[in-house]
Amino acid sequence: MAARCVLPAVLLAVLGAGVGQVLPPGLNRGGVYIPPNPGDANYRTYIYNERRYGSAFPTNYNPYDPYVRDPFPNRNPFDNQNPQGVFNPNYFNPDPSLINQPGGQLPLPGVLAGWRPDLQGKMRPDSLQLDRDVHVQTTYGQVQGFKAYLYDNPDPLSGYRPGQTPVERVQAVVHTFLGIPYAQPPINEGRFKPPRAHRGWQLIQAVDFGPACPQPVRYTGAAKGVRDMDEDCLYLNVYSRTTVSGLAQKFPVMVYIHGGEFYKGASNTFPGHMLAAFFDVVVVTINYRLGALGFLSTADLESPGNYGVLDQAMAINWVYDNIDAFNGDRKSITLFGPGAGAASAGLLMVAPRTRDKVTRVIAQSGSALSDWGFIIDQYRAQNTSRVFGMLMGCSIDSSWRLVDCLRRGRSAFELGNAEFHPAVGPFPWGPVFDRNFTKPRDNKYEGWKERDWHFLNRTPEALIKQGLFNRGLSYMSGVTTQEAAYIISQNESLVSVHYEVNERFMEQKIREMVARFNYTLNPGGTYEAIKYMYTYHPDPRNVTHIRDQYIHMMSDYLYRAPNDKMIKLLVEQNVPVFMYVLNTTVEALNLPEWRKYPHDIEHLFLTGAPFMDVEFLPKEANYDRLMWTENDRNMSYFFMKAFSDFARYGIPSHSQILGLHFEVATPGQLKYLNLNTTFNSSVLMNYRQTECAFWTSYLPHVIGHLVPTYPPTTEWWEPRQPLQIAFWSMSAICLLLIVAVVACCILWRNAKSIPQNEVDMQQDRYYSGDLLMMRDESEITGLGGASENPSHLYEYRDTPSIAEKQPQLKVQMHTRPVPAEPTKSASVKTGSNQSLKDSVKDSVNGFPSGEPRVETRPPLPQPAASVPVPATRPRGTLSRTHLEGGIPQTEV
């Protein structure tokens with residue numbers, strides 16, 4: 001039995017202190033790590049999460065039956081009194097008080113504790129006699145794995161079929177390494193922070209899957225293939241045909257990124273045995289943080305987000321640095337996966353920290369250009385995080401309070417198990433565009449640098465248009481004809497009606513879609529447009545067609561349209577692009593007609609499930625070794641061969657595969673392989689271009705695609721709807737404009753409406769002084785005598801006549817019409833309603849320019865009637881004025 005593992009001093013100190021038990025000698029004494037001495041019972045071992053990692057054997061350890069405590073220590077170990085596989089809970093007793101007593105040891109990890117059917121397949125009579133252990137040396141330390149034996153051959157030309165012979169022969173061997181840590185555990189202070197590189201080890205026993213990342217418990221369990229779940233989940237698995245050194249040609253590397261909408265899934269759901277053993281590739285599957293633990297974003301320095309996709313980047317870098325030890329070619333790394341895995345592969349294809357390492361991408365029903373695969377609107381990310389915080393009972397008054405509550409006040413299982421529907425968008429979590437986010441500085445957190453938080457500085461679309469990707473890149477993608485059928489099959493409310501939907505259901509879902517997907521500029525027009533596009537017009541009330549159209553609608557929006565957009569961008573950049581449309585199914589599953597080709601149906605084909613022991617597969621599915629049809633086996637071989645050829649050559653059909661081949665897509669001719677079966681498939685062009693353009697071009701540009709999401713609020717005055725923000729903003733602006741207009745109108749009105757008496761007063765001031773008029777006295781006629789009474793209204797003081805020096809001035813006085821009622825300014829004596837000043841003004845205005853010479857003197861006291869006193873002749877010569885026939889006459 002190989003020895004196992006000594007971790008660095010600091011890590012062991014933490015691990016040893018964390019189990020809360022009496023530790024064996026040499027692990028942790030008083031908080032200080034003391035390396036164990038050779039010969040100690042627990043040398044080169046440690047305990048973490050109640051699992052023993054090491055090679056210390058308990059007393060009376062039976063290597064042939066380690067799960068059964070032998071009640072007869074001296075009996076022959078080959079005696080079959082205790083059949084293998086019978087579990088005895090008394091064999092290992094984790095009681096700390098019995099740590100140094102027989103039976104006081106914890107189980108050994110993985111296959112070291114006994115035969116594990118889920119890791120090694122069906123146990124056969126000679127299984128225990130086969131070689132098991134393999135070792136490789138990486139830059140982080142030595143890694144121990146094991147050999148898995150396969151008993152079927154996927155090559156149709158081999159002629160082998162299970163059950164045809166009474167004796168099964170080993171067809172291939174896979175060197176398997178499970179649960180290799182590629183980063184430090186993201187626990188305690190590591191929560192909501194980027195991953196950190198692992199410190200390394202001396203020896204690690206990679207003989208069991210690492211825990212899956214926290215997720216809803218309904219997706220976990222041994223029956224579902226996910227036996228364990230923990231926040232310490234950053235592990236990867238490696239499958240290689242051989243790790244023996246000296247190969248002339250290294251194997252291409254295929255890194256599988258599991259799907260699950262960024263909130264569920266695990267690396268151990270993809271067994272890569274068949275793909276690695278028969279097609280000469282190294283298969284790597286990785287875990288990454290999910291849900292809130294992986295993608296919580298407050299769009300500021302408290303939690304910028306993207307931890308899950310940063311985990312993926314860290315795993316890619318680990319593979320690049322260490323895959324040579326597994327006979328993998330670091331210069332040929334292919335990323336592939338379904339759904340969220342496909343979107344992640346597209347992001348890593350252009351991300352600055354990984355784009356130089358990624359040479360191939362296979363996107364299965366997913367795209368980095370989908371709005372759920374990469375969230376560009378930061379308010380949408382904030383909205384999701386705050387809704388989640390409210391669900392978890394945390395304060396959302398500030399980002400700090402929200403993140404602190406989720407970090408210190410909630411367990412990883414609580415965070416992972418929480419499920420909710422986002423207010424905006426189809427899926428709650430995903431990578432976000434963090435270019436404008438504030439990142440923590442280098443000195444904010446010990447062990448993290450500011451550069452660790454950055455992921456993308458531009459959108460994937462902009463990076464592709466600028467050619468910022470590996471120039472040797474090749475791209476392959478595929479979709480199925482019923483991608484979104486799972487939305488109906490997982491709708492429990494439709495079980496009672498046999499999953500039939502009617503017109504009312506369709507209309508309701510379209511309205512929900514319009515509201516959730518934020519087509520808010522014209523919701524009515526958007527609803528009508530979508531309904532028109534996805535109505536089966538020959539028979540619009542047929543429930544079968546309604547269900548099919550609903551599946552097409554969701555499939556186009558979520559998967560096909562983003563995939564089409566990605567293909568066109570890459571074709572414009574002269575990237576070799578290959579595409580397939582899956583129109584065949586796994587016949588052994590006997591799926592109903594409306595969901596024969598659902599999302600990720602090719603998973604079983606790619607894992608080689610028709611050729612594997614069913615023990616490798618989840619028990620919940622109830623697979624049978626003999627259930628697979630001939631077409632299932634052929635399609636499985638086709639997919640594994642096409643994917644491995646693409647990883648090796650950049651072309652999925654380097655040579656024809658069962659008579660099928662791919663053709664490269666070109667501008668205007670987006671060719672794809674229409675996969676029906678291996679006998680009647682064909683190459684077609686331009687798959688669903690009208691429907692894809694409807695989502696990528698028509699709705700965003702014609703109707704208006706607005707994504708103005710805002711955080712949820714609790715105060716009455718805070719806005720709760722996107723359009724409410726715009727309404728109140730425009731209302732406030734309009735109100736200010738109205739007030740300004742009214743104020744201007746009032747000022748203008750006042751300026752135009754000065755009272756007449758004030759105008760008269762202002763005009764009369766011009767004549768308030770003495771009026772000197774130089775003219776010939778002999779020609780002055782029509783003026784009567786003036787009274788010397790100071791109360792007289794009209795009085796002139798005329799200067800001495802200078803007739804010989806001044807031109808003659810003739811004055812004509814005109815009367816204005818007399819109004820119906822007298823005014824205060826009328827003449828007391830004559831009753832005239834016109835002041836002499838007005839008459840003089842009328843006359844003077846008629847003079848030629850320069851003829852009258854007017855000299856003003858200091859104003860005299862005004863009469864009570866506020867009428868200016870006319871100038872008079874020199875002292876002693878007064879004039880009086882009276883009316884005769886309506887004409888004023890002045891007596892001199």
Inset, instruction - Taking only segment 368-398 into account, find how many residues are within 18 Å of the chain's Cα centre (by Cα) and buried (at least 17 other Cβ atoms within 10 Å of the Cβ). - result: 20
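Give 654, 701 a once-over and let me know the one that is in a loop (DSSP other than H, G, I, E, B), at pLDDT below 90 and open to solvent by 20 Å² or more (accessible area, probe 1.4 Å).
Numbers: 701 fails: in a loop (DSSP other than H, G, I, E, B).
Of the residues listed, the single one that is in a loop (DSSP other than H, G, I, E, B), at pLDDT below 90 and open to solvent by 20 Å² or more (accessible area, probe 1.4 Å) is 654.
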Inset, instruction - Exactly one condition in (1) in contact (Cβ under 8 Å) with a residue 24 or more places away in the chain; (2) open to solvent by 50 Å² or more (accessible area, probe 1.4 Å); (3) among the charged types (D, E, K, R) is not met by residue 452; state its number. - result: (2)
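Output the residue which, of all residues in segment 156-187 that are at pLDDT 90 or above and open to solvent by 20 Å² or more (accessible area, probe 1.4 Å), is farthest from the chain's Cα centre (by Cα).
Across segment 156-187, the extreme among qualifying residues is 170.
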Legend entry - Members of segment 566-604 that are without any contact (Cβ under 8 Å) to a residue 12 or more places away in the chain and touching a Pro at 6+ places or on another chain (Cβ under 9 Å): 591
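With respect to residue 331, determine if the residue is open to solvent by 10 Å² or more (accessible area, probe 1.4 Å) and within 18 Å of residue 231 (Cα to Cα). Can you show your working first?
Details: open to solvent by 10 Å² or more (accessible area, probe 1.4 Å): yes; within 18 Å of residue 231 (Cα to Cα): no.
Judged against the criteria, residue 331 is not a match.
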Inset, instruction - For segment 437-459, enumerate the residues that are acidic (Asp, Glu) and within 19 Å of residue 316 (Cβ to Cβ). - result: 452
Inset, instruction - Please specify each residue of segment 188-200 satisfying the condition of being in contact with a Gly (Cβ under 7 Å, 6 or more places away or on another chain) and open to solvent by 50 Å² or more (accessible area, probe 1.4 Å). - result: 196
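Out of 238, 309, report the one residue that is in contact (Cβ under 8 Å) with a residue 24 or more places away in the chain, of a type in the set (Val, Ile, Thr) and more than 29 Å from residue 120 (Cβ to Cβ).
On the way: 238 fails: more than 29 Å from residue 120 (Cβ to Cβ).
The conditions single out 309.
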Inset, instruction - Scan segment 201-212 for residues that are open to solvent by less than 20 Å² (accessible area, probe 1.4 Å) and among the polar types (S, T, N, Q) and jot them down. - result: 205
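Can you pull out the residues in segment 665-683 that are assigned to a loop (DSSP other than H, G, I, E, B) and either of a type in the set (Gly, Ala, Ser) or out of contact with any helix residue (DSSP H, G or I) (no Cβ under 9 Å at 6 or more places or on another chain) (or both)?
If we filter segment 665-683 for residues that are assigned to a loop (DSSP other than H, G, I, E, B), which is where we start, we get 665, 667-668, 670, 676-681.
Those that are assigned to a loop (DSSP other than H, G, I, E, B) and either of a type in the set (Gly, Ala, Ser) or out of contact with any helix residue (DSSP H, G or I) (no Cβ under 9 Å at 6 or more places or on another chain) (or both): 665, 668, 676, 680, 681.
Out of 552, 537, 545, report the one residue that is assigned to a loop (DSSP other than H, G, I, E, B) and out of contact with any Gly (no Cβ under 8 Å at 6 or more places or on another chain).
Details: 552 fails: assigned to a loop (DSSP other than H, G, I, E, B); 545 fails: assigned to a loop (DSSP other than H, G, I, E, B).
Sole residue among the options that is assigned to a loop (DSSP other than H, G, I, E, B) and out of contact with any Gly (no Cβ under 8 Å at 6 or more places or on another chain): 537.
Please verify whether residue 444 is open to solvent by 50 Å² or more (accessible area, probe 1.4 Å), touching a residue at least 24 places away in the same chain (Cβ under 8 Å) and of a type in the set (D, E, K, R), treating the condition exactly as stated. Walk me through how you get there before you give the answer.
Numbers: open to solvent by 50 Å² or more (accessible area, probe 1.4 Å): yes; touching a residue at least 24 places away in the same chain (Cβ under 8 Å): yes; of a type in the set (D, E, K, R): yes.
For residue 444, the condition - open to solvent by 50 Å² or more (accessible area, probe 1.4 Å), touching a residue at least 24 places away in the same chain (Cβ under 8 Å) and of a type in the set (D, E, K, R) - is met.
Go over the candidates 596, 565, 509 one by one and state the one that is surrounded by 14 or more Cβ atoms within 10 Å (Cβ to Cβ), at pLDDT below 95 and within 29 Å of residue 636 (Cα to Cα). Steps first, answer last, please.
Working: 565 fails: at pLDDT below 95; 509 fails: within 29 Å of residue 636 (Cα to Cα).
596 is the lone residue from the list that is surrounded by 14 or more Cβ atoms within 10 Å (Cβ to Cβ), at pLDDT below 95 and within 29 Å of residue 636 (Cα to Cα).
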Inset, instruction - Note down all Cβ pairs under 8 Å where the first residue falls in segment 340-365 and is on the phi > 0 side of the Ramachandran plot, the second is surrounded by fewer than 23 Cβ atoms within 10 Å (Cβ to Cβ) and outside any helix (DSSP H, G or I), and they're at least six residues apart or on different chains. - result: 365/600
Inset, instruction - Considering only segment 135-153, state which residues are open to solvent by 10 Å² or more (accessible area, probe 1.4 Å) and either free of Cβ contacts under 8 Å to residues at least 24 places away in the same chain or closer than 10 Å to residue 176 by Cβ (or both). - result: 147
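The values are calculated or read from the model by the stated rules, or taken from the named source; none is laboratory data. All figures in this text were calculated on a predicted structure; none of them were measured in a lab. Note that we place each Cβ from the backbone using ideal geometry, even for glycine, and neighbour counts take in every protein chain shown. The accessibility values were calculated without ligands, DNA or RNA, using every heavy atom of the protein model including side chains. Shrake-Rupley method; radii C 1.70, N 1.55, O 1.52, S 1.80 Å.
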